[in-house]
Amino acid sequence: MIQVGCGDNKKELNSPQRQEGIALSANGHENIAELLSSQLDRGLLLDLQRLVLRALEEAVEASARFAMGHRPTAEGLLRHLILNEAMERGLAEAEVPRTPLRGNAIMVGQVGIVTLGRVHMGNGKWNNAKRSKGKVKLCRNNDVVRRLVKPDLFSDVRVADVREVAVFLVTEAGQGDADARIYLVVPDETMDLKNCVFKEEMSLFLQRYAKPSDVEDRVGPKLKSGIKKKRDGDEDEPMR
């Protein structure tokens, strides 16, 4: 687990003990999803989603003033800086310990057992071009969470065995394209983004926080306005 801190911010939103009560599912993907939702607060992810999408728009808008020959380079540099500032702002608002902003340095936050970083991908098939040595180092302990999905022949891994996990917010957008998708991604210990251990679009992952009662309320039958519930033997009549 990385040592992060910024000023007096030392708050951890969740503790490693939060995953102790997660029942092991036959589906390793679901085990990881439950683990992540037990560590990452919905409010934090909503804030990061809003800030990151706006940051991508700002990078495209700011790069438009450059000549066409410079624009792709300018957009890439501005996107890196603006995205890092957006992520730092979201983590700061949630009082999450984080590394300081510093040029090309990796910016990450520590939320419980989760080391949260970010990666940007263009449209199309993902590759490992953005797999820097620093980011691979963050993933060095992801072999445990990988075995929840791809068990070793002689290993018996439980959710409670996961004590550290590197997770990335992956933004996906083409050059000059402000419309983007955000994914929550867990790579393996080599940070192979072509074969992610866990990959789910943020909007879909956020639905995991909905309580069963919330779903029932949305899909359950509702009385029409102005009609009171019928009693045995009574006729429906307008409410007064």
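The values are calculated or read from the model by the stated rules, or taken from the named source; none is laboratory data. Computed from a predicted structure; not experimentally measured. Note: areas computed on protein heavy atoms with side chains; ligands, DNA, RNA excluded. Shrake-Rupley method; radii C 1.70, N 1.55, O 1.52, S 1.80 Å.
Measure out, as a whole number of angstrom, how far apart the alpha-carbon centroids of the range 49-70 and the range 77-138 sit.
Going from one Cα centre to the other spans 17 Å.
Taking H as built 1.01 Å from N, whose amide H comes closer than 5 Å to the amide H of VAL119, not counting residues under 5 places away?
Sorted by chain and number, the residues that satisfy this are LEU169, VAL170, THR171.
Let me cross-check TYR209: its accessible surface, 1.4 Å probe, with only protein heavy atoms counted, in Å² to the nearest 10?
50
If you plug each phi of the range 64-70 into the Karplus form 6.51 cos²θ - 1.76 cosθ + 1.60 with θ = phi - 60°, what whole-Hz ³J(HN,Hα) values come out, in order, with x for Gly and Pro?
Residue by residue, the range 64-70 yields 5, 7, 8, 4, 4, x, 9 Hz.
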